[in-house]
Amino acid sequence: MAIEVGSVVEGVVTGITNFGAFVELPEGKTGLIHISEVADVYVNDVHDFLKERDTVKVKVLAVDDRGKIGLSIKALQDKVQTPAPATAPLRPPRPPRDMRRTAASRQMGSPSFEDKLSRFLKDSDERLTDLRRKTDSKRGGRGSRRS
């Protein structure tokens, strides 16, 4: 029986490495089950799932030009449809912080454009005044003499 892609064969685990397990197939050929193809769950150590001299059924995933055979146990496992865990319903995305309205602003109504503009100008003037005060003190003040 020739080993073809998609066929299911039985073999014996001959060696286990940190990246997978080698399986001796019929006709004396050897294939590799990559660690990602051992199980449907995350596999940290192949030794947790397989032991040497275990007999396993594998599906042939690939046969390359150099004779390397890629195998999978995961492809043979029944895909059990587990119901999705119950999660909270998705909420619509929140608007940007400056667009949110607080409870107080909802009761009073939205400030007009002029109110927003005057508040912005006042904040801006205060920040500029602070900045000038801090930079002037570092330069020695406005009335200092230069030599």
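The values are calculated or read from the model by the stated rules, or taken from the named source; none is laboratory data. Computed from a predicted structure; not experimentally measured. Don't worry about glycine lacking a Cβ; one is built from the backbone with ideal geometry, like all the others, and counts go over all protein chains shown.
Taking the listed residues 62, 21, the one that is modelled with pLDDT of 90 or more, surrounded by 14 or more Cβ atoms within 10 Å (Cβ to Cβ) and assigned to a strand (DSSP E or B) is 21, with no other qualifying. When you look at residue 106, is it modelled with pLDDT under 90 and either in contact with a Phe, Trp or Tyr (Cβ under 8 Å, 6 or more places away or on another chain) or not in a loop (DSSP other than H, G, I, E, B) (or both), yes or no? Criteria met by residue 106. Cβ separations smaller than 9 Å between residues 6+ apart or across chains give the following pairs from region 43-65 residues that are in contact (Cβ under 8 Å) with a residue 60 or more places away in the chain to residues that are part of a strand (DSSP E or B): 63/31; 63/69; 63/70.
To keep it simple, each residue is scored yes or no on (1) modelled with pLDDT under 70; (2) within 22 Å of residue 12 (Cβ to Cβ); (3) in a helix (DSSP H, G or I).
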| position | (1), (2), (3) |
| --- | --- |
| 67 | no, yes, no |
| 80 | yes, no, no |
| 88 | yes, no, no |
| 92 | no, no, no |
| 114 | no, no, yes |
| 119 | no, no, yes |
| 127 | no, no, yes |
| 138 | no, no, yes |
| 145 | yes, no, no |
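Please determine whether any residue of region 42-55 is among the polar types (S, T, N, Q), within 12 Å of residue 70 (Cβ to Cβ) and not in a loop (DSSP other than H, G, I, E, B). No, that holds for no residue.
Screening region 24-41 for residues that are among the hydrophobic types (A, V, I, L, M, F, W, C) and not in a helix (DSSP H, G or I) and picking the one that is farthest from residue 9 (Cα to Cα) gives 41.
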